[in-house]
Amino acid sequence: AWKPDSIIDDAIARVREQVGDGHVLLGLSGGVDSSVVAALLHKAIGPQLTCVFVDHGLLRHHEGDQVMKIFADHLGVKVIRVNAEQRFLSALQGVSDPEAKRKVIGKLFVDVFDEESAKIDNVQFLAQGTIYPDVIESAGSKTGKAHVIKSHHNVGGLPAHMKLKLVEPLRELFKDEVRRIGVELGLPREMVYRHPFPGPGLGVRILGEVTKQAADTLRLADHIFIEELRKSGWYDKTSQAFAVFLPVKSVGVTGDGRRYEPVIALRAVETIDFMTAHWAHLPYELLDVCSRRIVNEIAGVSRVVYDVSGKPPATIEWE
Ligand code: XMP
């Protein structure tokens, strides 16, 4: 029988044997895999672990603070948070093509991570949240999106001078096993069972050029949508749900008068493998509450639409 605690004990023993009294660096993203690695390594080697959390300013509502609260405050993990919002926004100025935005964000992410890691003395190991499906994927085609996704998350370009050895304690595990271990290690269920979030974050959910104002508006709209999904029990019935910022101005009329503001699209999908997906048939009442709250609580939105496209033909993300 599969027991999370025996897997944890086994992983801890192996990590201790591999790293000895060496120091380990981990890029913490707040995603499930890197979070579970952080919790596991903390248990295995405590102060020999240092995490670098690059906050690109394109995270969800209060996400950066939550990551710090769980890891630094609650678990006592050593986490260096890099607030790089300004750098990312500057680098993204004038960039509106989706793939170009991904490249800018991915490259800067690696640069910032490398700069920060270079300041830490005496690191011999780099931990990564590689899980078994990643191992299979990179053994096959190297051109698929999955590979691109992981190369972003897992930090591809280490500075050559660092010559770090890899520590990958989740390499033999599937996602559901990683989640069970995460819960066992004391991570909040809510974090461990969170919907996937793309590495470029809100950068690919703000169509066209990314601005601070669009990011702030989108964060609030997304937060309202997710809050209502959780309240109604629909969060766990959907595989991924989020808001998208459409830089199209539309006319609206509210108690305060006329509005001429951007549009928010809501997207919720059900899928097994994220290769194909159905749009979630959310109750009209739920969509109604979300739509009213978004327009009432956020001045910079004129109207809300719901995406009823499957994949194919539409991808899950809008960019
Ligand atoms: P699409 O939009 O291709 O998305 O149907 C499939 C899954 O992949 C996620 N996704 C990304 N994840 N970096 C990531 O880390 C990316 O650039 C990226 N693009 C899409 C998407 O959120 C969905 O879960």
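Coordinate-derived values only; no laboratory data. Computed from a prediction, not measured in an experiment: that's the story for all the values here. Cβ atoms come from the backbone with ideal geometry, glycine included; neighbour counts cover every protein chain shown.
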Only helices counted: for the chain, with every DSSP H run of 4 or more residues adding -39500 (n - 2.57) and the sum spread over all residues, [θ] at 222 nm is -12500 deg cm²/dmol
Determine ³J(HN,Hα), in whole Hz, for all residues of the range 309-316 in sequence, where each value follows from phi through the Karplus function 6.51 cos²θ - 1.76 cosθ + 1.60 and θ = phi - 60°; x replaces Gly and Pro.
-> 10, x, 10, x, x, 8, 5, 5
Mind checking which lysines have their Cα closer than 18 Å to the Cα of residue 103? Skip sequence neighbours fewer than 8 apart in that chain.
-> 142, 145, 150
Setting aside same-chain residues fewer than 8 positions from residue 163, which lysines have a Cα under 16 Å from its Cα?
-> 119
Shape descriptors of the range 55-126 over alpha-carbon atoms, Rg and Dmax in angstrom, are 14.3, 40
Size descriptor, Kirkwood hydrodynamic radius, that averages inverse alpha-carbon separations across the range 1-83, Å | 13.4 Å
Here the Cα Rg-to-2.2 N^0.38 Å ratio for the range 198-272 is 1.22
For the chain, evaluate the Debye formula with one uniform point scatterer on each Cα (no solvent term) and list log10 I(q)/I(0) at q = 0.10, 0.11, 0.14 Å⁻¹, rounded to two decimals.
-> -0.60, -0.72, -1.15
In nm, the gap between the two label points placed 7 Å beyond Cα toward Cβ at residue 288 and residue 74 is 3.6 nm
Can you pull the Rg over Rh of the range 276-315, Cα-only, Kirkwood?
-> 1.08
Once Lys and Arg get +1 and Asp and Glu get -1 on their Cβ, which of 82, 44, 93 lies farthest toward the positive end of the dipole of the range 4-192?
-> 93
Quick one: dipole size for the chain, taken about the Cα centre, charges +1 on Lys/Arg Cβ and -1 on Asp/Glu Cβ, in debye to the nearest 20.
-> 360 debye
Simple SL model, points at 7 angstrom along Cα→Cβ for residue 305 and residue 281; separation in nm is 2.3 nm
Entries in 101/165; 3/175; 69/212 that, when Cα-Cα distance is taken, lie over 20 Å | 101/165; 69/212
Quarter of the surface of the C-alpha convex hull for the range 4-192, i.e. direction-averaged projected area in nm², equals 10.8 nm²
Using the C-alpha gyration tensor of the range 167-319, what are the square roots of 5 times its eigenvalues, in whole angstrom, with the largest one first?
-> 31, 16, 16
